1. So which residues in the stretch 116-134 are part of a helix (DSSP H, G or I), in contact (Cβ under 8 Å) with a residue 40 or more places away in the chain and touching a strand residue (DSSP E or B) at 6+ places or on another chain (Cβ under 7 Å), if there are any at all?
2. Of all residues in the stretch 90-110 being part of a loop (DSSP other than H, G, I, E, B) and surrounded by 13 or more Cβ atoms within 10 Å (Cβ to Cβ), which is farthest from the chain's Cα centre (by Cα)?
3. Exactly one of (1) in a helix (DSSP H, G or I); (2) closer than 24 Å to residue 143 by Cα is unmet by residue 69. Its number?
4. In the set 143, 84, 137, which member is assigned to a loop (DSSP other than H, G, I, E, B) and either surrounded by fewer than 13 Cβ atoms within 10 Å (Cβ to Cβ) or out of contact with any helix residue (DSSP H, G or I) (no Cβ under 8 Å at 6 or more places or on another chain) (or both)?
């Protein structure tokens with residue numbers, strides 16, 4: 001009888017431990033995907049793409065098949081967001097942040113061309129710092145800092 005209780009205790013302990021670990025993993029996703037006020041979070045998978053949870057369109061039609069660099073539906077929504085940020089800053093007598101920060105979650109099966117179009121669109125709208133994660137790994141947050149008109153551009157020329 002003691003062995004049976006010990007077996008049940010071990011199973012209950014393992015279940016409890018598994019639930020704690022699962023909650024910890026979901027917390028990283030929740031933290032990354034939950035935007036701060038006025039912070040855009042773009043989520044792109046092979047089927048569709050969204051901004052702060054609102055689906056904007058189909059990836060295959062708007063991004064992959066599009067020969068243009070900028071993604072028009074994403075660009076227009078991000079411009080609205082930037083305009084709201086600027087208006088809110090002016091209302092509160094705060095300086096307008098000309099270099100915005102955005103978050104991007106991309107599917108691990110998304111092509112580099114699609115990733116490039118998304119980051120280019122975000123950059124042209126004014127989000128020069130993009131924190132992004134790939135797939136379901138929310139622990140490894142990568143960072144892209146795009147050059148801006150006021151940031152120096154260092155060019156190196158090699159002479160033979």
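Values in this text are rule-based calculations from the coordinates and carry no lab data. Please read these numbers as outputs of a predicted model, since none were measured by experiment. Positions of Cβ are generated from backbone atoms using ideal geometry, with glycine treated the same way; all protein chains shown enter the neighbour counts.
1. Answer for the stretch 116-134, where residues must be part of a helix (DSSP H, G or I), in contact (Cβ under 8 Å) with a residue 40 or more places away in the chain and touching a strand residue (DSSP E or B) at 6+ places or on another chain (Cβ under 7 Å): 118, 122.
2. The residue in question is 97.
3. The single condition residue 69 does not satisfy is (1).
4. Sole residue among the options that is assigned to a loop (DSSP other than H, G, I, E, B) and either surrounded by fewer than 13 Cβ atoms within 10 Å (Cβ to Cβ) or out of contact with any helix residue (DSSP H, G or I) (no Cβ under 8 Å at 6 or more places or on another chain) (or both): 137.
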